[in-house]
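Everything on this sheet refers to the single structure shown next.
The values are calculated or read from the model by the stated rules, or taken from the named source; none is laboratory data. Note that the structure is predicted; figures quoted are calculated from it, not measured. Cβ placement follows ideal geometry from the backbone for every residue including glycine, while neighbour counts extend to all protein chains displayed. These accessible areas exclude ligands, DNA and RNA; they are computed on the full protein's heavy atoms, side chains included. Shrake-Rupley method; radii C 1.70, N 1.55, O 1.52, S 1.80 Å.
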Amino acid sequence: MNSPALLLAAAMTLLVPALAMASPREDLASPSQEVRDKAAAELRASFRSTPESGWTPVLDQISKGQTKKQIMELLRPYHVTVEPEMASGQTHAESYRLDDEWILQCGFLNEGDILTGRALARSIRQVHVTPPGKFTGKWVLYFANGQKSHEILYQDGNSPESSSPIIRMA
């Protein structure tokens with residue numbers, strides 16, 4: 001028999017996995033503004049900054065004259081991601097995202113991918129989430145530490161004044 005209580009229990013069984021929350025960091029990528037706002041509040045309360053000195057042992061292994069391949073091998077255990085590269089003439093720069101807070105910036109000679117210099121830069125990761133199609137309203141984006149990155153006003157997927165959204169920096 002399909003009693004109302006059984007139907008409700010079955011519906012809740014189906015809904016609970018959809019409503020279950022991931023970690024606050026993962027929830028920043030949710031398509032739901034409400035979920036992202038809540039996750040951001042949790043992250044603001046709990047985020048612990050990584051001291052620059054936490055990366056010193058890794059940086060001490062990286063020096064001028066090493067190849068990009070050698071550096072990537074040293075960074076492999078940290079599961080770094082490569083940020084967009086810039087090139088100019090005989091050199092190029094590449095940045096490696098070490099964690100949600102730090103980037104290693106490296107300059108290389110084009111010939112041989114030889115390191116010419118490196119710097120550690122604090123750069124909090126921005127979590128980008130595209131709003132659902134034809135979204136209307138304020139879409140807020142956050143950094144990985146829960147601080148507001150910026151907000152974008154949309155109407156039917158675009159801003160009222162143009163075909164691109166209006167961006168307001170936090």
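Could you list all residues from region 30-45 that are open to solvent by less than 60 Å² (accessible area, probe 1.4 Å) and not charged (D, E, K, R)? Across region 30-45, the qualifying residues are SER30, SER32, GLN33, VAL35, ALA39, ALA40, ALA41, LEU43. Residues satisfying the criterion are present in region 102-125 (criterion: charged (D, E, K, R), in contact with a strand residue (DSSP E or B) (Cβ under 9 Å, 6 or more places away or on another chain) and open to solvent by 70 Å² or more (accessible area, probe 1.4 Å)). For region 94-124, which positions are among the aliphatic types (A, V, I, L, M) and under 24 Å from PRO51 (Cα atoms)? Of everything in region 94-124, those that are among the aliphatic types (A, V, I, L, M) and under 24 Å from PRO51 (Cα atoms) turn out to be LEU98, ILE103, LEU104, ALA119, LEU120, ALA121, ILE124. A Cβ distance below 7 Å, combined with a sequence gap of six or more or placement on separate chains, defines the contacts here; from region 38-52, residues that are aliphatic (A, V, I, L, M) reach residues that are in a loop (DSSP other than H, G, I, E, B) in the pairs ALA39/LEU28; ALA40/LEU28; ALA40/GLY146; ALA41/GLY146; LEU43/ASN145; LEU43/GLY146.
Look at ARG48 and say whether it is over 28 Å from GLY133 (Cα atoms) and modelled with pLDDT of 85 or more. So ARG48 fits the description; yes.
For GLU42, state whether it is touching a helix residue (DSSP H, G or I) at 6+ places or on another chain (Cβ under 7 Å) and among the charged types (D, E, K, R). Answer is yes for this residue.
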